[in-house]
1. Share of the stretch 65-148's accessible area from carbon and sulfur, percent, 1.4 Å?
2. Per residue, how big is the convex hull of the stretch 88-160 when only Cα atoms are used? Give it in Å³.
3. With each pseudo-label sitting 7 Å past Cα toward Cβ, what's the residue 61-residue 126 distance in nm, one decimal?
4. Just the number: Rg to Rh for the stretch 69-112, Cα atoms, Kirkwood Rh, two decimals.
5. Enter the mean projected area of the convex hull around the alpha-carbon atoms of the stretch 36-120, in nm², rounded to one decimal.
6. Please work out how much length the chain gains when fully extended from residue 133 to residue 185, using 0.36 nm per residue of separation minus the C-alpha to C-alpha distance, in nm with one decimal.
7. Starting from a Cα-only point model with no solvent, please compute log10 I(q)/I(0) by Debye for the stretch 54-186 at q = 0.14, 0.22 1/Å.
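The values are calculated or read from the model by the stated rules, or taken from the named source; none is laboratory data. What you see is a predicted model; the values in this text were computed from it and never measured. As a convention, Cβ positions derive from the backbone with ideal geometry for all residues, glycine included, and neighbour counts pool all protein chains shown. All accessible areas refer to the heavy atoms of the entire protein, side chains included, with ligands and DNA or RNA removed. Shrake-Rupley method; radii C 1.70, N 1.55, O 1.52, S 1.80 Å.
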Amino acid sequence: MGHRFALLAAILSVLVAARAVPALPPPPRLPALIGERLEFRVRWGVIPAARATLEVLAGPDGTVRFRARARTLPYIDTVYPVRNRVESTVLPVSLSPLRYFKRAKEGWGDPREVEVLFDPEAGTSRYFRNRELKKELLVPAGIQDPLSCFYAYRVRPLPDDRAVVLDITDGKKLVTGTVRVLGRETVNTPAGSFSTVKIEPRIEGIGGIFKKSPGARIFVWLTDDGRRMPVKLQSEVIVGSFVAELTEVREPPPPAPGSAPPGPPEPGP
């Protein structure tokens, strides 16, 4: 009888192991991403519509700068031109934002500029629209802006069994954003085929990199390795649905010999 229980236990352990989702590799260190440039093609439905880039740059005084840019293709320009640039400057260890900037030209109107200046020590942010101060907020420690939050999620551990939570502000309002792992998929893009982990960020009420339609879901596919590189994004936006697929990668330069970049910030609650 004992050997039957042993056999049953062995079978159950194999079944449980087969159903278990393998843990994600450790996240990348932020300084190791400096110099990364990712290019995407963006489709609205089946129509090629825009090009977009995501960059990680060395900022002034040892800071790190994230930059996202999007530009519609020439034949779309004749209908609805878009020229958007979003930047976030953060401290390299804590990822605390110091400055968030967005310049958006959508359609035929004048460009709009938004700037949010953060004071991490005072726990405040100041929101400017077209260089005019519009609002001040008290913000908690660990706050992120609509662009830095993407990289904050990228360099934090992403457990498979619960959401990672961050406080996020665009300078006008303070919201709670979450990201949850949905599973693993192989994704084919113009830049190649990638083993990925599919995640779902939820940041209601703030535009972020892509301004989605109310209630729409957005999905991001990150490489299932120590880079966590985004290779595909999919969602609905105000004017329809979009898919952004990776077309070209510029790798960060290798670290200098003997350098020991600081690790990622501690995971949130």
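1. 53
2. Considering the Cα atoms of the stretch 88-160, their hull volume per residue is 109 Å³.
3. So the label points at residue 61 and residue 126 sit 1.4 nm apart.
4. On the way: Rg = 14.3 Å, Rh = 12.0 Å.
Rg/Rh: 1.19.
5. Across all orientations, the stretch 36-120 yields a mean hull projection of 6.7 nm².
6. On the way: separation 52, 0.36 × 52 = 18.72 nm, distance 4.50 nm.
So the chain would gain 14.2 nm between residue 133 and residue 185.
7. Evaluating at q = 0.14, 0.22 Å⁻¹ gives log10 I(q)/I(0) of -0.72, -1.28.
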